[in-house]
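Quick note: the coordinates plus some simple rules give every number you see, no bench work behind them. Keep in mind that what you see is a predicted model, and the values were worked out from it rather than measured.
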Amino acid sequence: MTVHKETIDLPQVAPGAAHQLIRYTFDGTGATTRSAYIQAGLHADEHPGLLVVHHLLRMLSALEADGRIKGRIVLLPFANPVGMSQRIFGMPTGRFNLENGENFNRHFPSIAGAVEHALSDARFERNDVTQFKALFARLLAAQSPRDPVRANKLHLLREALQHDILLDLHCDTRGILHLYSTRAQEMRALRLAKAMRIEAVFLEERAGGGPFDEAYMEPWNVLASAGLVDSAQSGFAASVELRGQADVSDELAIADAQGILRFLAAESIIDYDEHDAERTAEPRVYPLEGLSHVGAPSTGIVVYAKQPGDTVARGDLIAEIVRIDAPPDAPRERVLSDVDGIFVVAQHFRLVKAGQRIALLAGATPLPGRTAGNLLNDF
């Protein structure tokens, strides 16, 4: 049983300038063939996950020394070196590619159609996960983009699709712990949420836009639709939102890393018996169609009447906009909740412009205009 550190070279961004990924692999004892892949920093201005992976590497090294890693675990401490290099006057700008404005977590390669075609040409045994992973690898091997960002995305997907579990660590601007997964994997999403003390779980059939977790799940969903893989044998992906951008501390990161280890133990990939009985959470599932991206009605300073984690009811005052170009006695513009549910995310910077999202609210009932394939917000 060993741990390996490797570097992966990406194509040059300019003459004399190139980036690398770093990959840590814990091979485990081989007691199980199951494996997990964990990455942080795909949105390179989201830093809580970077510290979580730092602590995970330390904790897994201790488990490895004790022979308690049964399966294979791969970690990327940062998944987007191009984004991490982007700064404007010192301010990190790692959510969007400054080359073309594209969100770094969109437009990942899709092999769903190629998998469907392969099923018509060859016979596959039910729940033969090794055979499925080999198919995914063959289909992606034909691609070799020269653009560093596209090459980076292809490498991440190639790696992820060789594993049974994908955990993609993110955060929002200012918010509570929450996660995104699929309805087909609700049981495992709830297992992860309980392990990490996450109270809000957002599920969907198809978010749209080609995010990383959806690109991972697409080929597994094709296999499931064809009756070739059971839910328990299928790959599982979740995007875990580790609160807000400023929530970076050893205390939080250690707690989150311990939660991930509890989940890996529940998935039989490691032996880990740490329990935290004093802190429990009962996750609640919300449909992604029930998330409300509340926009500012005008430009000004947003003053919140509710905070992330608060319960909200339809018609509740959640914020007011103070127009700094209006007379001081001008009335503030009131922003009301349009759901019965929970306040999930607020803005970190308080000067907002008209139409900008100032709150993410989650309700149990799908909202008008929220349709599958168009459920994500770029900001």
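Computed 3J(HN,Hα) for region 326-332, one whole-Hz value per residue from the Karplus formula 6.51 cos²θ - 1.76 cosθ + 1.60 where θ = phi - 60°, is 9, x, x, 8, 5, x, 6, glycine and proline marked x. Per-residue ellipticity at 222 nm, computed for the chain from helices alone with -39500 (n - 2.57) per DSSP H run of at least four residues, works out to -8500 deg cm²/dmol. Summary value for region 177-278: 32 percent relative contact order, contacts being C-alpha pairs under 8 angstrom separated by 6+ residues.
Rounded to whole Å, the principal axis extents of the Cα atoms in the chain read 70, 54, 45, largest first. Phi angles of region 224-235 translate, via the Karplus equation with coefficients 6.51, -1.76, 1.60 and θ = phi - 60°, into HN-Hα couplings of 5, 5, 7, x, 9, 9, 7, 4, 5, 9, 5, x Hz per residue; Gly and Pro are given as x. Amide H contacts of Ala18 (H built 1.01 Å from N, in plane; Pro and chain starts excluded): Val13 sit under 5 Å, all sequence-distant by 5 or more or on other chains. Put simply, the amide H of Gly28, placed in the peptide plane, has neighbours under 5 Å in Thr2, leaving out anything fewer than 5 places away on its chain.
Figure the gain on full extension for Arg146 and Gln356 (residue separation times 0.36 nm, minus the Cα-Cα span) and round it to one decimal in nm.
The span from Arg146 to Gln356 would gain 72.1 nm if fully extended.
Here the Karplus curve 6.51 cos²θ - 1.76 cosθ + 1.60, taken at θ = phi - 60°, turns the phi angles of region 242-254 into couplings of 8, 6, x, 4, 8, 8, 10, 8, 4, 4, 5, 5, 5 Hz, with x standing for Gly and Pro. Close amide H partners of Val345, meaning residues 5 or more places away or on another chain with modelled amide H under 5 Å apart, are Leu360.
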